[in-house]
Structure formats: structure tokens, C-alpha cells
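Colleague: If you scroll down you'll find the structure; I have some questions about it.
The values are calculated or read from the model by the stated rules, or taken from the named source; none is laboratory data. Because the structure is predicted, anything quoted here is derived from the model rather than measured. Positions of Cβ are backbone-derived with ideal geometry, glycine not excepted, and every protein chain shown enters the neighbour counts. Note: areas computed on protein heavy atoms with side chains; ligands, DNA, RNA excluded. Shrake-Rupley method; radii C 1.70, N 1.55, O 1.52, S 1.80 Å.
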Amino acid sequence: MKKFIKMIALLMVMTMTVSVFAGCGKKSGSSDSIKIGLVFSLTGGTAITEECMYNSAVLAIEEINAAGGINGKKIEYVVKDYATDPDTAVKVVKEMILQDDVTAIVGLYTSASRVAVEPILEEYEIPLVYPTFYEGEEPNDYVIYTGCVPNQQGDYFVPYLFENVSHNFYLLGTDTTYAQGINAQAEALINSLGGKVVGNELVSSDVTEFSDIIAKIKSTCGDEGCVIYANLNGDSGTAFYTQFAAAGLSEKYTIASFIMDESFSTALGSAAANTYASVNYFNSIESDANKAFLSAYGAKYGEAKSAAVTAVGEATYDAVYLLSKSLEKCGDDITTKNIMGNFAGISFDAPQGTIMVDGDNNHIYCKARIGLVQADGTIKTVFESDDVIKPEPTK
């Protein structure tokens with residue numbers, strides 16, 4: 001009798017073990033669908049930026065489903081709001097994996113949130129497609145990156161500003177993993193060019209009063225002028241641009257930012273005019289793919305929203321399509337190993353132009369672009385690399 005009870009107990013343990021690990025290697029929705037998670041800040045300090053990302057993801061999913069889905073299976077999606085908070089990001093990503101049984105996740109904007117969830121991705125072996133330009137340095141094996149990295153962005157932006165605007169730079173940013181990284185990279189590059197870093201300051205993400213910093217910029221830069229290399233997130237960025245313009249400093253000092261995009265430029269109006277941006281996509285790009293993307297976006301969300309489509313919105317649209325192509329190559333064998341492996345060499349005729357995933361590091365080949373914000377809020381391309389650039393995230 002005791003032997004029989006031990007056998008039953010052993011069988012129960014084995015069954016529980018199989019149940020736990022069955023979810024780690026293979027995920028799905030129902031038999032006729034594939035479930036993915038979308039995680040964005042629909043509230044919080046970066047919601048102004050991430051709204052376009054969420055909208056673009058949903059648009060791509062609907063287009064893919066309308067075209068027949070992935071090997072005949074429709075994409076189901078679960079969306080969760082991480083409210084610009086890394087701890088909340090960890091919580092909702094866990095929920096997506098353990099409760100919603102997603103195959104893969106698309107989303108996140110801040111570097112802090114991405115870094116926070118990486119141990120969860122590793123523990124449960126779930127891929128994340130991260131659609132944001134970022135500081136590079138420490139890529140993760142469970143992440144595909146569809147934004148640009150410094151050698152496709154800052155390595156072109158700083159020399160352009162040095163040659164065309166000023167040799168003096170005042171570095172300003174939100175105190176985040178991202179701004180810390182790019183400010184350090186910018187300072188090294190400015191020094192190598194023979195330029196001068198006249199200030200380097202990071203502020204809390206909740207700062208919206210910049211009178212002291214603006215006074216400091218005036219006293220530090222003086223009549224020589226300078227580039228204000230300002231990478232401020234969300235509400236902080238809006239406040240700085242507005243207060244800077246109100247102080248009448250735009251003629252002498254020039255703001256340049258990776259974070260400036262159409263969501264900010266259209267919202268800020270004249271306060272953003274004649275400032276510089278650098279990403280791999282502006283929605284003023286004249287291409288058939290971009291026109292089709294913006295037309296579909298405008299039809300779904302309205303023409304005003306279409307005018308504010310951003311690089312990270314476009315990168316999210318690309319992320320969903322690249323993920324769908326990887327899943328398609330999986331056939332019926334949808335495992336994390338297959339999903340990650342299938343990304344290598346996948347290309348997509350994106351709105352920004354043709355992009356391709358580098359199998360060596362899971363980042364995309366893309367062009368570098370620099371833009372100047374116009375009075376009407378559009379961003380005019382003033383520099384574009386001749387060809388796509390190999391990503392070097394750990395350069």
C-alpha cells in the first residue's frame with residue numbers, strides 16, 4: 001500500500017513538472033490563433049510618446065490578420081499599461097507570460113523598463129521585440145531591437161552639429177539609463193572632435209521647472225552660443241522646450257535631441273521650430289511604403305494623429321511585421337529558440353525603407369537621418385546616410 005501511494009505521489013510530481021515547463025518552450029493562443037503581448041505606457045510620463053507605439057502595433061496586427069494571418073492563424077493580442085514605471089513593467093510582463101500565455105511580447109519604451117524585465121524574459125524564455133532607439137552597450141539574448149543604436153544615430157548627429165551649429169555642447173537629460181549612456185557617448189565624441197562640453201546635467205523625470213537650468217545655460221554659454229543636447233522624457237521635455245522658447249533663447253542657442261519627434265513637434269508648435277532631431281525615420285519621408293503606412297494610420301486614428309506618427313511608432317509597426325515573419329518561418333513548431341533564430345536575415349520593406357535584422361546581434365540595419373523641425377511641426381530631413389548602416393550596439 002505504501003509503495004502504491006509513493007508511486008501515485010511520484011506521478012503527481014512528474015505531471016506538475018511537465019505542466020510548469022511545457023509553457024517555457026512553446027506558447028500559443030488557441031489552435032487557430034497566436035497570442036502576443038503588447039506592453040506600453042498608456043498612462044504616465046511617456047504616454048504622449050507610447051500612444052503612437054501602441055496604435056502602430058494594433059494597426060500592423062489588423063493588417064496581418066486581414067491578409068490571412070500567420071500560416072492561417074490570426075494574431076490575438078493582450079495589452080497592458082506599465083505607466084512608465086519599471087516595477088509595473090515587471091509585474092505586467094509576468095502576468096502576460098504566466099496568466100495570458102503569450103508567445104512573444106512587443107513593446108516598452110524606456111531603457112529602465114527594458115532592463116527591469118530582462119531577468120523575467122530569461123527566466124521564462126520569452127522573446128521581446130523592443131521598438132525603441134537606445135544606448136546599446138548590453139544587448140540581451142531574448143530581445144530583438146528594431147530601433148537604431150548610437151553608431152546609427154549619435155555618431156552622425158554630434159559631428160553634424162559640430163560642423164553646422166556650434167563647437168560648444170551643453171548636455172542635458174532625464175536621469176535615466178538611456179540619458180546617462182548617450183551623454184557619456186556624446187561627451188567622448190565631442191572631445192575627440194575638439195569640441196567643448198560646457199555643461200552636463202541630468203534631472204529627475206518629474207522635473208517640469210527649468211528656469212534655473214535655463215539661467216545656467218545663459219551664463220555658461222554666453223554670447224558664443226551652444227548646442228543644447230537635450231534628451232528629456234515626456235512631460236519634462238515638453239516643459240523645457242516651452243520655457244526655453246518663452247525665454248527668447250532660440251536665436252542664440254540650438255536644441256538638438258534624439259527624443260524630439262513628431263509627437264512633440266506637433267504638440268509644441270512654434271516652441272519646437274528650428275530644433276534638431278536624429279532618428280532613422282521621419283514621417284515626411286517620401287516613399288510608397290511610408291505613404292501607405294500613414295494613409296492606413298490616418299484612416300484608423302484620424303489625420304491629426306497621422307501627422308504625429310513617430311520613429312518609435314514606425315519601429316513598433318516594423319516590430320510586429322518582423323515578428324510575424326519569424327513566426328511564419330516557425331510553421332507549427334513555435335518555440336522561443338525557433339522564433340529568435342528565425343529573425344536572422346529577415347528583411348521588411350518598412351516605411352523608413354528596407355530594414356534587415358542582423359543575425360549577429362539581433363538589431364536592424366537602417367539609415368541614419370537628421371531632421372530640422374519646421375514652423376508647422378513637420379521635420380525636414382537635412383541629412384541622410386547613403387545606405388543602411390550595420391548595427392554595432394556594443395561599439
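Colleague: Straight-line reach from residue 395: which aspartates and glutamates have a Cα under 14 Å away, not including same-chain ones fewer than 8 places off?
Modeller: The reachable aspartates and glutamates, counting only those whose Cα sits under 14 Å from residue 395, are 135, 137, 138, 155, 360.
Colleague: Would you please put 51-63, 105-117 in order of how densely packed they are, using the mean number of other Cβ atoms within 10 angstrom per residue and starting with the highest?
Modeller: Averaged packing, sorted descending, gives the order 105-117, 51-63.
Colleague: Ordered by residue, what ³J(HN,Hα) values in Hz, to whole numbers, does the stretch 343-353 give under the Karplus form 6.51 cos²θ - 1.76 cosθ + 1.60, where θ = phi - 60° and Gly and Pro are x?
Modeller: 5, 4, x, 5, 10, 8, 7, 7, x, 7, x
Colleague: What value does the stretch 102-220 have for Rg/Rh, both radii from Cα atoms and Rh as Kirkwood defines it?
Modeller: 1.05
Colleague: Can you tell me the FRET efficiency between residue 87 and residue 212 if r is taken as the Cβ-Cβ distance and R0 is 35 Å, rounded to the nearest 0.05?
Modeller: With a Förster radius of 35 Å, E is 0.70.
Colleague: Then there is this: Pull up all non-local amide H partners of residue 70: gap of 5 or more, or a different chain, and H-to-H distance under 5 Å with H placed in the peptide plane.
Modeller: 75
Colleague: With angles folded into 0 to 90 degrees, how steeply does helix 47-66 sit against the dominant principal axis of the chain? Use alpha carbons for both and round to 10.
Modeller: 50 degrees
Colleague: Still on this structure, I have one more. Expressed as an acute angle from 0 to 90° and rounded to the nearest 10, what is the orientation of the C-alpha long axis of helix 311-330 relative to the principal long axis of the chain?
Modeller: So the inclination is approximately 30 degrees.
Colleague: So, one more: Between residue 132 and residues 5 or more places away or on another chain, which pairs have amide H atoms under 5 Å apart, with H built 1.01 Å from N, and which residues are they?
Modeller: Under 5 Å from the amide H of residue 132: 146, 147.
Colleague: How big is the C-alpha Rg of the stretch 306-395 next to the rule-of-thumb value 2.2 N^0.38 Å, as a ratio?
Modeller: 1.27
Colleague: While we're here: Of all DSSP beta bridges located in the chain, what percent are antiparallel, nearest 5?
Modeller: 35 percent
Colleague: Now for a separate question. Using θ = phi - 60° and the Karplus curve 6.51 cos²θ - 1.76 cosθ + 1.60, what whole-Hz ³J(HN,Hα) does each residue of the stretch 122-128 get, with Gly and Pro shown as x?
Modeller: Running phi through 6.51 cos²θ - 1.76 cosθ + 1.60 with θ = phi - 60° gives 5, 5, 9, 6, 10, x, 10 Hz.
Colleague: Using a 1.4 Å probe on the protein heavy atoms, what percent of the accessible area of the chain belongs to carbon and sulfur?
Modeller: Using a 1.4 Å probe with all protein chains present, the chain comes out at 52 percent carbon and sulfur.
Colleague: Using only Cα atoms, locate the centre of the stretch 244-278 and the centre of the stretch 306-369, then give the distance between them in Å, rounded to an integer.
Modeller: Using only Cα atoms, the two centres lie 31 Å from each other.
Colleague: Checking the a/c ratio against 1.5 first, then a/b against b/c, what shape does the Cα gyration tensor give for the stretch 176-221?
Modeller: Oblate is the answer for the stretch 176-221, as a/c is 1.5 or above yet b/c matches or exceeds a/b.
Colleague: Taking amide H positions as placed in the peptide plane 1.01 Å from N, state which residues far from residue 226 in sequence (5 or more) or on other chains have amide H under 5 Å from it.
Modeller: So residue 226 has HN proximity to 254.
Colleague: Here's a follow-up. Please give the peptides 332-339, 293-300 ranked by average Cβ packing (other Cβ atoms within 10 Å per residue), highest first, as a rough proxy for protection.
Modeller: In descending order of packing, they fall as 293-300, 332-339.
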